[in-house]
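Q: Quick one: the structure is below, and I'll ask about it shortly.
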Amino acid sequence: MPDQSAKDLQFVQRAFLEDERTVRVHNFRVACILAFVFMPAGSSLDALVNRPHFWDFLGLRLICSALLLFIWWFVKTPIGSRHYRLLGLILPALPTFFISIMIYRTSGPDSPYYAGLNLVLLGAAIVLRWSLQDSLIVFLQVMVFYFAACLFYGPVHSKNISIFFNNAYFLFVTGVFVVIGSHFYNRLRFREFALRFELDKSRKALESSLQQLKENEMQLVQSEKLASLGRMSAGIIHEINNPLNFATTGLFTLRKKAKFLAPEQREDYAEILTDVEDGLKRVQNIVSDLRMFTHPSTEQLDPVKVAEIVTPALRFLSNEWRDAVQIEQKFADHQTVLGNKNKLIQVLVNLLQNSLDALKSKAFANGEKPTIWIEGRVDNGHSFISIRDNGSGIDTRHLDKIFDPFFTTKDVGEGMGLGLSICYSIVQEYEGEISVKTEPGKFCEFTLEFPVKG
């Protein structure tokens, strides 16, 4: 546990330093602008206090401002961003250096320009975010530059020793306050950042837990719905199958009776029987879909070639696509899927039927032909089958509901909304995934992904 705590602390410290980099670079640029403005503005002081040096000092101030403007630009470059701490030390050193020259060229220890060094310490401490080490370095910079200016000016005589001591004392006390204040300020900022960091971490964990709870709740609700649907459909299927069997037996008998009708009546009679049979087959398909969805079987799985499920699926729907829709097929050599052949054919039939319906509802122009592309590939240990059409696509509002049972956008009587739900259940049963990409009015593509097992 102590090792983990140390790692967590190091992680927070790295995050804090990265956050500080952004803030400090921004503050450096602000400090550059302030110093860029106020250094030339100090010429008003030169005009009143030191008129003989006005033009000389104006040149020094302008040179300093130009260098500060360069740092303002350079700190945002890739090189400057990497060395932002060094630039942060050069930034206060520039006005300190030029103010020290003014102290040297005026009256040394008696010069009133020493107050500018106090402003450098205070202004930089307020605007810049110095660490303890950085603030100590800047404090030493100011003291060394001031002592050097006084030393090069000449020996300190007894008449100005008190002024020199006074100035040095105030600079020293200001520097101590800046160093100590920066130290405690940074400690406070780190604690605040660590608390915000932990709070944000806890918030994300809570959001993740809430999302997981919502997903679990939805799964429980869905499971309960399916359990209720299973119990209900079992009774419905039983009740429907009995009259279906009676009706099918009766139709068989009626067909045998057709030979006793007059020849002119047989055609109409056979047509009526065919219509009745089609209706019964439709009811049988609905019952079969319900049974498949609510009572999935657990039969043994076999490797099935993709071509062996695509070919019969297309054959079952040949009367709908032949001479109307162009079919493009492309499969990987010997590509297989582990599953039940009949169920996989049912998945392909449902997806192809949806594509055909989408192609019927779209008006094609500019020579575009209604086309379905069926492609298979093996990649990274997974077998993929994609069915793409250039039909009307799926409205983005419906994408999160298309696999829900009984959800359909078709008119009443054109479908129960179980096709994609059955596809989803079958693919999940074989440890696969089904996904969709679409652009309304342009295309829709369903992709089946199955693990390849040796």
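Q: Can you tell me, using C-alpha contacts under 8 Å and at least 6 residues apart, the relative contact order of the chain as a whole percent?
A: On the way: 479 pairs, mean separation 42.3, N = 454.
RCO, the chain: 9 percent.
Q: Give me the number: length gained by fully extending GLN326 to ALA168, i.e. 0.36 nm times residue separation minus the C-alpha to C-alpha distance, one decimal in nm.
A: Numbers: separation 158, 0.36 × 158 = 56.88 nm, distance 9.25 nm.
Between GLN326 and ALA168, full extension yields an extra 47.6 nm.
Q: While we're here: By average Cβ neighbour count within 10 Å, what is the ranking of 178-185, 119-126 from highest down? Walk me through the numbers before you get to the answer.
A: Values: 178-185: 16.8, 119-126: 19.0.
Result, highest mean Cβ count within 10 Å first: 119-126, 178-185.
Q: Compute the distance from the alpha-carbon center of segment 101-120 to that of segment 149-214, in whole Å.
A: One Cα centre to the other: 25 Å.
Q: Now for a different question. Fully extended, how many nm does the chain gain between VAL25 and PHE152 (0.36 nm per residue separation, minus their Cα-Cα distance)?
A: Numbers: separation 127, 0.36 × 127 = 45.72 nm, distance 3.52 nm.
Extra length from VAL25 to PHE152 when fully extended: 42.2 nm.
Q: Quick one: helix 2-41 against the long Cα principal axis of the chain, what's the angle to the nearest 10°, folded into 0 to 90?
A: It is inclined by approximately 60 degrees.
Q: Pairs of alpha-carbon atoms within less than 8 angstrom and 6+ residues apart define the contacts here; what relative contact order does segment 42-150 have, in percent? The partial results should precede the final answer.
A: Values: 72 pairs, mean separation 27.2, N = 109.
Once divided by the residue count of segment 42-150, the mean separation gives 25 percent.
Q: I want to check the label-to-label distance for LEU254 and ARG282. Put each point 7 Å from Cα in the C-beta direction and report it in nm to one decimal.
A: Using points 7 Å along Cα→Cβ, the separation is 1.5 nm.
Q: Here's something else I'd like to know. Which whole-number percent gives the relative contact order of segment 302-451, counting Cα pairs below 8 Å spaced six or more residues apart?
A: On the way: 257 pairs, mean separation 36.6, N = 150.
Rounded, it is 24 percent for segment 302-451.
Q: In segment 100-137, whose amide N lies under 16 Å from the spot 7 Å out along Cα-to-Cβ of HIS53? List them in ranges.
A: Hits in segment 100-137 for HIS53 at 16 Å: 100-118.
Q: In the chain, with Lys and Arg counted as +1 and Asp and Glu as -1 at Cβ, which of these residues, PHE331, GLY108, CYS423, has the Cα nearest the positive end of the dipole, that is, farthest along it?
A: Positive-most Cα among the choices belongs to GLY108.
Q: Okay, moving on. Under 5 Å between amide hydrogens, which residues at least 5 positions from GLY339 or on another chain qualify, with H placed 1.01 Å from N in the peptide plane?
A: ASP302, VAL304
Q: In degrees between 0 and 90, to the nearest 10, how far off the longest principal axis of the chain does helix 54-74 point, with axes built from Cα atoms?
A: Roughly 20 degrees, rounded to the nearest 10.
Q: State the extension gain, in nm to one decimal, for the chain segment bounded by VAL37 and GLU431, taking 0.36 nm per residue of separation less the distance between their alpha-carbons. Spell out each step's value before the answer.
A: Values: separation 394, 0.36 × 394 = 141.84 nm, distance 6.88 nm.
So the extension gain works out to 135.0 nm.
Q: Relative to 2.2 N^0.38 Å, what does the C-alpha radius of gyration of the chain come to as a ratio? Two decimals please. Write out the running numbers ahead of the final one.
A: Working: Rg = 42.0 Å, N = 454, 2.2 N^0.38 = 22.5 Å.
In units of the 2.2 N^0.38 Å rule of thumb, it is 1.87.
Q: While we're looking at this one, here's another question. I'd like the Karplus ³J(HN,Hα) series for segment 92-106: coefficients 6.51, -1.76, 1.60, θ = phi - 60°, whole numbers in Hz, and an x wherever there's a Gly or Pro.
A: x, 5, 5, x, 4, 5, 6, 5, 5, 4, 5, 4, 5, 8, 9
Q: Per residue of the chain, what 222 nm ellipticity follows from adding -39500 (n - 2.57) for every DSSP H run with n ≥ 4, rounded to the nearest 500?
A: Values: 13 runs with 306 residues, N = 454.
Computed ellipticity for the chain at 222 nm equals -23500 deg cm²/dmol.
Q: Between segment 10-53 and segment 437-454, how far is it from one alpha carbon centroid to the other, in angstrom?
A: Between the Cα centre of segment 10-53 and that of segment 437-454, the gap is 58 Å.
Q: Still on this structure: ³J(HN,Hα) across segment 317-331 via Karplus (A = 6.51, B = -1.76, C = 1.60, θ = phi - 60°), whole Hz, x for Gly/Pro?
A: Per-residue couplings from phi come out as 10, 4, 5, 8, 10, 4, 6, 10, 10, 8, 10, 10, 10, 7, 10 Hz.
Q: In the chain, what % of DSSP beta bridges are antiparallel (nearest 5)? Please report the intermediate quantities before stating the final value.
A: Working: 27 of 32 bridges.
Antiparallel bridges make up about 85 percent of those DSSP assigns within the chain.
Q: Roughly speaking, what is the centre-to-centre gap between segment 329-374 and segment 240-285 when only Cα atoms are used, to the nearest Å?
A: Cα centroid of segment 329-374 versus Cα centroid of segment 240-285: 33 Å apart.
Q: List the residues, sorted by chain then number, that are 5 or more residues from GLN329 or on another chain and whose placed amide H is less than 5 Å from its amide H.
A: ILE374
A short reminder: the numbers here are calculations on the coordinates, not readings from a lab. Quantities reported herein were computed from a predicted structural model and do not represent experimental measurements. Cβ: placed from backbone, ideal geometry, glycine included. Neighbour counts: every protein chain shown.
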